[in-house]
Amino acid sequence: MVIQLKIDRVLQGSFDLKALNLLFVFQVNCPGCFIYGFPLVNKLHWKYRQSGLNVLGISTAFEDFEYNTAANTELLLTEMKLVGATRQALGEFYSQAIDFPVAVDQLTTGTLFATLENTEALTETIPGFDHLPKSEQAILRQKVNAYLQRYAKTSATFTLNHLLGTPTFLLVDQNLQLLDGWFGHTPEAAVIERIEKHLCTFKRVTQELCK
């Protein structure tokens, strides 16, 4: 599966894909993203950046659009200010540095989002779609297009990849081929095991680590 990456703008750092990338998809109005996501991702960034892991943050919105905005993400990065449920849970300011590049997911409306390109991208994820009769393919395209149009607001990366929520973690290569992915709180040891497996595949770590 190839991840569809649709970025509105970059807020921090150099948002470039490398051989092995960890995409950290979060919302600013998501306490779990700050309790479980950011501390782990920051640790992975510093632990493996010399070994070839490229950490990239994507601020998205699939709910609470009044809080999950580019402006609030920028406040987080520049002043460490928190909003909404995250502020209620953790206080006015976030206490940990955010050291990796961060970009904002492309926010749009369903009408603008329901393009031929996006419809095709979603139909391609339907198992066995290419082997269906042309008439059935056409019906599915119409259903997908109607599905996209129903959104008053939506974020392109989040919706095109059928993400379940935030925080979401996606390991991809330079061509956005999905290598691994998980959603929600995952034990640190399990995450490290997954990452080191792929780092060993890319042969960017010591032999001791890959035994």
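The values are calculated or read from the model by the stated rules, or taken from the named source; none is laboratory data. Keep in mind that this is a model prediction, so the values were computed, not measured. A quick note on method: Cβ atoms are made from the backbone with ideal geometry, for glycine too, and the neighbour counts reach across all protein chains shown. The area values use the complete protein model at the heavy-atom level, side chains included, leaving out ligands, DNA and RNA. Shrake-Rupley method; radii C 1.70, N 1.55, O 1.52, S 1.80 Å.
Can you tell me which residues in region 153-184 are open to solvent by 70 Å² or more (accessible area, probe 1.4 Å) and under 20 Å from residue 28 (Cβ atoms)?
To start, the set of residues in region 153-184 that are open to solvent by 70 Å² or more (accessible area, probe 1.4 Å) comprises 153, 162, 164, 174-175, 183.
Selection gives 153, 164, 183.
Could you tell me whether any residue of region 108-115 is closer than 19 Å to residue 2 by Cβ, out of contact with any helix residue (DSSP H, G or I) (no Cβ under 8 Å at 6 or more places or on another chain) and without any contact (Cβ under 8 Å) to a residue 60 or more places away in the chain? Walk me through how you get there before you give the answer.
Looking only at region 108-115, we keep the residues that are closer than 19 Å to residue 2 by Cβ, and these are 113, 115.
This time we only want the ones that are out of contact with any helix residue (DSSP H, G or I) (no Cβ under 8 Å at 6 or more places or on another chain), so: 115.
When the remaining residues are screened for being without any contact (Cβ under 8 Å) to a residue 60 or more places away in the chain, the result is 115.
Yes, region 108-115 has at least one match.
Applying the criterion of being of a type in the set (A, V, I, L, M) and over 17 Å from the mean Cα position of the chain (by Cα) to the residues of region 122-150, the residue that is least open to solvent (accessible area, probe 1.4 Å) is 148.
Filter region 118-160 for residues that are of a type in the set (D, E, K, R) and part of a helix (DSSP H, G or I); which is nearest to residue 4 (Cα to Cα)? Among those residues, the one meeting the criterion is 120.
For every residue, the table says whether it meets (1) over 12 Å from the mean Cα position of the chain (by Cα); (2) at pLDDT below 90; (3) farther than 20 Å from residue 35 by Cβ.
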residue: 152; (1), (2), (3): yes, yes, yes
residue: 157; (1), (2), (3): no, no, yes
residue: 169; (1), (2), (3): no, no, no
residue: 172; (1), (2), (3): no, no, yes
residue: 176; (1), (2), (3): no, no, yes
residue: 190; (1), (2), (3): yes, no, no
residue: 204; (1), (2), (3): yes, yes, yes
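Grab the strands (runs of 3 or more DSSP E) fully contained in region 1-104, keeping just those with 1 or more residues being open to solvent by less than 20 Å² (accessible area, probe 1.4 Å). Write out each step before concluding.
Working: elements: 7-12, 20-26, 53-59.
Once the strands (runs of 3 or more DSSP E) in region 1-104 are filtered for at least 1 residues that are open to solvent by less than 20 Å² (accessible area, probe 1.4 Å), what remains is 20-26, 53-59.
The residues of region 105-117 that are assigned to a helix (DSSP H, G or I) and surrounded by fewer than 19 Cβ atoms within 10 Å (Cβ to Cβ), listed by number, are 110, 111, 112, 116, 117. Scanning region 163-195 for residues that are touching a residue at least 40 places away in the same chain (Cβ under 8 Å) and either among the basic types (Lys, Arg) or on the phi > 0 side of the Ramachandran plot (or both) turns up 165, 176, 184.
Would a scan of region 185-204 turn up a residue that is open to solvent by 20 Å² or more (accessible area, probe 1.4 Å), hydroxyl-bearing (Ser, Thr, Tyr) and part of a loop (DSSP other than H, G, I, E, B)? Yes: one or more hits.
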